[in-house]
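The values are calculated or read from the model by the stated rules, or taken from the named source; none is laboratory data. These figures come from a predicted structure and were not determined experimentally. Here the Cβ is made from the backbone with ideal geometry for all residues, glycine too, and neighbour counts use every protein chain on show. With ligands, DNA and RNA removed, areas are computed over all heavy atoms of the protein, side chains included. Shrake-Rupley method; radii C 1.70, N 1.55, O 1.52, S 1.80 Å.
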Amino acid sequence: MKLASLNDGSRDGRLVVVNRDLTKYAAADTIAPTLQAALDNWAEAAARLAELSHTLEAGEADASAFDETGVLSPLPRAYQWADGSAYVNHVELVRRARGAELPESFWTEPLMYQGGSDSFLAPREAIEIADEAWGIDFEAEVAVITDDVPMGVSAADAASHIRLVMLVNDVSLRNLIPGELAKGFGFFHGKPSSAFSPVAVTPDELGDAWSATKLNLPLVSTLNGEFFGHPDAGADMTFDFAALVAHAAKSRPLGAGAIIGSGTVSNKLDGGPGKPVGEGGAGYSCVAEIRMIETIENGAPKTPFMQFGDTIRIEMKDAGGASIFGVIEQTVSPYQGS
């Protein structure tokens, strides 16, 4: 089934079930008023939501036209948002560009940071930034939502706690990050509000594309109308989502509604770091990665970070060409103050 949070003017939206082709929805607030409420009582709510989904698909539910521009992120705010870096190719490129070696531990234990989760952007909401000089970038990723996860869970058991899958644009301010990391205490200013896809879907909805807790489909990014990348989210993923969830829960339990991200989807090519789409590669899921390639090959980057007025579109389609999660489409604009 597919779930969304209708923008009804409230902070957390109103829970709806969306049909497979993203054309109709049925109100689900009699089952749970919000997605967080459904996750808090998933054992009971999931069965009732699945029944409503079946009724909607059969054309027997009281349905309305679904408009992707009228929804918030599936969880408009969350108790936990932890983003991993499951694609070591991406991490390796970042370090190579600044002449640093990749520690062996990066292949055995994922990187992860705890992001701000109190103000997610809607999937069509503008990315408001105060200064272009901060190095504005998108990061196209996949994310999962869990139910309650016990502390110390094994990767094998963590898989059963993954309830929903969605896409994310993990916005980054690249020129603020180095100064923050130099202080030895992690990101804060360099990671403004993220945005998630219009709908979140249950893993069973993904069919064979969901295997070994990886999503094996291309993640397509289009920047200002130009095809930017289509790396396969299942390829070159060193740590699957079960491993990421287990890592996040190593020293603490995760509450229902915790969001765990994959990090920037990144593919190699013939053992190398990947190439732009125009050169036969899968392209990239962020501007920083192509800048890294340019730095490695030419000594300096030439592709600029995003500027005011730039628009990023992120989407994933099934084998038949149908959009699975809907579209994240955001334009960068100057922050005018509250």
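Ignoring ligands, DNA and RNA, how do F66, F188 rank by accessible area with a 1.4 Å probe, largest first?
Sorted by accessible area, descending: F188, F66.
Between A50 and Q307, what is the spin-label point distance in nm, taking each point 7 Å from the Cα along the Cα→C-beta axis?
Going by the 7 Å Cα→Cβ label model, 5.1 nm.
Taking the solvent-accessible surface of protein heavy atoms with a 1.4 Å probe, what is the per residue accessible area of segment 1-59 in Å²?
In whole numbers, segment 1-59 has 46 Å² accessible per residue.
Enumerate the calculated ³J(HN,Hα) couplings along segment 183-188 in order (Karplus 6.51 cos²θ - 1.76 cosθ + 1.60, θ = phi - 60°), each rounded to whole Hz, writing x wherever the residue is Gly or Pro.
7, x, 10, x, 6, 8
When Rg is the radius of gyration of the Cα atoms in segment 184-336 and Rh is its Kirkwood radius, what does Rg/Rh come to?
Dividing the radius of gyration by the Kirkwood radius yields 0.97.
With a 1.4 Å probe and all protein chains kept in place, how much accessible area does W42 have, in Å² rounded to the nearest 10?
Per-residue accessible area (W42): approximately 30 Å².
Can you tell which of E279, E180, E289 shows the greatest fluctuation in a Gaussian network model of the chain with Cα springs below 10 Å?
Largest GNM mean-square fluctuation: E279.
Compute the acute angle (0 to 90°) between the alpha-carbon long axis of helix 88-97 and the principal axis of greatest extent of the alpha-carbon atoms of the chain; round to the nearest 10°.
30 degrees
P(r) tail for segment 51-144, what percent of Cα pairs lie past 16 Å?
Tail of the P(r) past 16 Å holds 74 percent of the pairs.
May I ask for the distance between the Cα centers of segment 145-199 and segment 259-280, given as a whole number of Å?
Each part's Cα centre sits 19 Å from the other's.
Quote the accessible area belonging to L176 in square angstrom, nearest 10, computed with a 1.4 Å probe and with ligands, DNA and RNA left uncounted.
Near enough 50 Å² of accessible area.
Do the sum for the chain: with -39,500 (n - 2.57) for every DSSP H run of n ≥ 4, divided by all residues, what is the mean residue ellipticity at 222 nm, to the nearest 500 deg cm²/dmol?
-5000 deg cm²/dmol
Could you give me the ³J(HN,Hα) list for segment 324-332, computed from phi with Karplus coefficients 6.51, -1.76, 1.60 and θ = phi - 60°, whole Hz, x at Gly and Pro?
Working through the residues one at a time gives 8, 10, x, 10, 8, 9, 9, 10, 7 Hz.
Take the solvent-accessible surface of the protein heavy atoms, probe 1.4 Å, and return the percent of it on segment 107-147 that carbon and sulfur atoms account for.
After summing per-atom areas, the C and S share lands at 46 percent.
Of the residues S266, S53, S105, which exhibits the maximal mean-square fluctuation in a Gaussian network model of the chain defined by a 10 Å Cα contact cut-off?
Highest fluctuation among the options: S105.
What does the charge count near D83 come to, summing +1 for each Lys or Arg and -1 for each Asp or Glu among other residues with Cβ under 12 Å from its Cβ?
My count for the surroundings of D83 gives -2.
Can you count the Lys pairs in the chain whose Cα atoms are under 30 Å apart, with each pair 8 or more apart or on different chains?
Total qualifying Lys-Lys pairs in the chain comes to 25.
So how do L167, L181 rank on accessible area, 1.4 Å probe, biggest first, that is with the largest at the start?
Greatest to least solvent exposure: L181, L167.
How big is the accessible area of I324 in square angstrom, nearest 10, if you roll a 1.4 angstrom probe over the protein chains?
The accessible area comes out at roughly 10 Å².
In a GNM of the chain with a 10 Å cut-off on Cα contacts, which of P33, P198, P74 has the highest mean-square fluctuation?
The residue that fluctuates most here is P33.
Across 5 Å bins from 0, what is the distribution of all Cα-Cα pair distances for segment 261-307, in whole percents?
5, 20, 28, 28, 14, 4, 0
How much net charge surrounds S333 when only other residues with a Cβ under 12 Å from its Cβ are counted (Lys, Arg +1; Asp, Glu -1)?
Computed value for this residue: -4.
Pairing the Cα long axis of helix 287-298 with the longest principal axis of the chain, what angle in degrees results, from 0 to 90 and rounded to the nearest 10?
20 degrees
Among Y79, Y87, Y335, what's the order by accessible area (1.4 angstrom probe), most exposed first?
The ranking, largest first, comes out as Y79, Y335, Y87.
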